[in-house]
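Structure record follows, encoded as structure tokens.
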Amino acid sequence: MRKTINLYILREITVPFFMILLVLTFVLLMGRILQLMDLMVNKGIGFIDISIFIILLLPSFLMFTIPISMLVAILIGLGRLSGDNEITVMKTSGISLYQIYQPIAAASVVAFIMTAVITLFLVPQGNYATKHHLYSVSKKQASIGIREKVFIDDFSDLLIYAETIPMDGAYMAGVLISDTRLTNEPSTIIAKKAYLISDPKALTVTMRLENGSTHTVDAGLNHYRKMDFSVYDVNLDIGSALFDESRLKEKTSGEMTVLELRDKLQKADVEKQQLREAAIELNKKLSIPMSCLIFGILGVPLGIRGHRSVKSRGIALGAIIVAVYYMLQLGGEALVQTGKAGPAFGAWAPNLVFLVLGVALFMATAREIRWPFPSTGELFRRLLKKSRGPSSC
């Protein structure tokens, strides 16, 4: 009997959990997908590379959408059971709130493990792999973007023209480059041949010119200078619309695992700002999975309250709780970054607040103590009544 009830409760929260998880993750991906589609349409990036980017970006979204989906699923599932008086029947049959909570606790633990694995391992690896995949894509983007007999302005302050490019794309012949990176002395570069050379360690792409000359004129058009060369290198700006090129050269805090962050915090030669960022990231990686367990406790007393509109109320209430939770987290991080609070405060304060609130509401509901504040439905009705104003005769 107990097993049947546990499976029944789990089914009530499992279906909405995966539906909400799919919708939330898709919504978060939409912003990046639009940018990726721009790269595919305008920059010639292939569909396979775009798909790899999407897969690598998924863990950074799932670490947030799993706890949110867990909370809303509990509110919807228990709300449906409460609205159909099934919770009342269970209590009448001698099943306590603690027993009803057992399958929800099991689901919260599973969500906690999933979020912990994603946050501690997949997110850092995904961010790091994204950086290196960006390099390989940027290398291909440079090759694809340069076409013969076409002026290319995709690179910062460089205008490139190639007279001929062989079918294999191994080199470019008859190359003309307008270089305006030095505004006071813009130059024109002419070369017989050019090759694209990549540096995996520095994550750069260089155009190596052979047998050419540079022509420079000062801003006042008074002096002209010519320099012949046998080899001349021009660094190409391969910054992407999705990532800051300045962050590609080294491993950031978001790309580090817990052990790497701990080692960084123990180093004495690290700047204070970097230590603060590493401490914030470390505490976030540990605190975000815990929100699954806390939302599981908080969702039970909020979900079983009597109401009519089950799904809409569950989604609205879940959105309010999540908004308050992450507002507290952002506020705590701001205090940490300004040095007004310790690194653990910004990450763990929301968990502590909601844990105390969740336990208090859970204990009050288990003992059937009347809450000292109105239900969400009643609160919405009061606000709606005030917004309409006094009725006219």
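In a simple Cβ point-charge model (Lys, Arg +1; Asp, Glu -1; nothing else charged), the stretch 55-197 has a dipole of about 280 debye relative to its Cα centre. Here the accessible area of the stretch 46-125 is 76 percent carbon and sulfur, with a 1.4 angstrom probe and all protein chains present.
Near GLU210, once Lys and Arg are set to +1 and Asp and Glu to -1 for all other residues with Cβ below 14 Å from its Cβ, the sum equals +1.
Applying the Karplus relation 6.51 cos²θ - 1.76 cosθ + 1.60 with θ = phi - 60° to the stretch 13-28 yields 3J(HN,Hα) values of 9, 6, 4, x, 4, 5, 5, 5, 4, 5, 5, 4, 5, 5, 5, 5 Hz, where x marks Gly and Pro.
Just subtract the alpha-carbon distance of LEU259 and LEU357 from 0.36 nm times their residue separation and send over the number in nm, one decimal.
Length difference between fully extended and current span is 32.1 nm.
Please list 3J(HN,Hα) in residue order for the stretch 87-101, calculated via the Karplus relation 6.51 cos²θ - 1.76 cosθ + 1.60 where θ = phi - 60°; whole Hz, with x for glycine and proline. So the J values, rounded to whole Hz, are 5, 4, 4, 4, 5, 5, 7, x, 8, 7, 5, 5, 6, 5, 6. Each 10 Å bin, from zero up to the one with the longest distance, holds this percent of the alpha carbon pairs of the stretch 31-126: 14, 29, 22, 17, 12, 5, 1.
Label-to-label distance, GLN273 versus SER178, with points set 7 angstrom from Cα along the beta-carbon direction: 3.6 nm.
The values are calculated or read from the model by the stated rules, or taken from the named source; none is laboratory data. Note that the structure is a prediction, hence the values are computed from the model and not measured. Quick reminder, even Gly has a Cβ in these numbers, built from the backbone with ideal geometry, and neighbours come from all protein chains shown. With ligands, DNA and RNA removed, areas are computed over all heavy atoms of the protein, side chains included. Shrake-Rupley method; radii C 1.70, N 1.55, O 1.52, S 1.80 Å.
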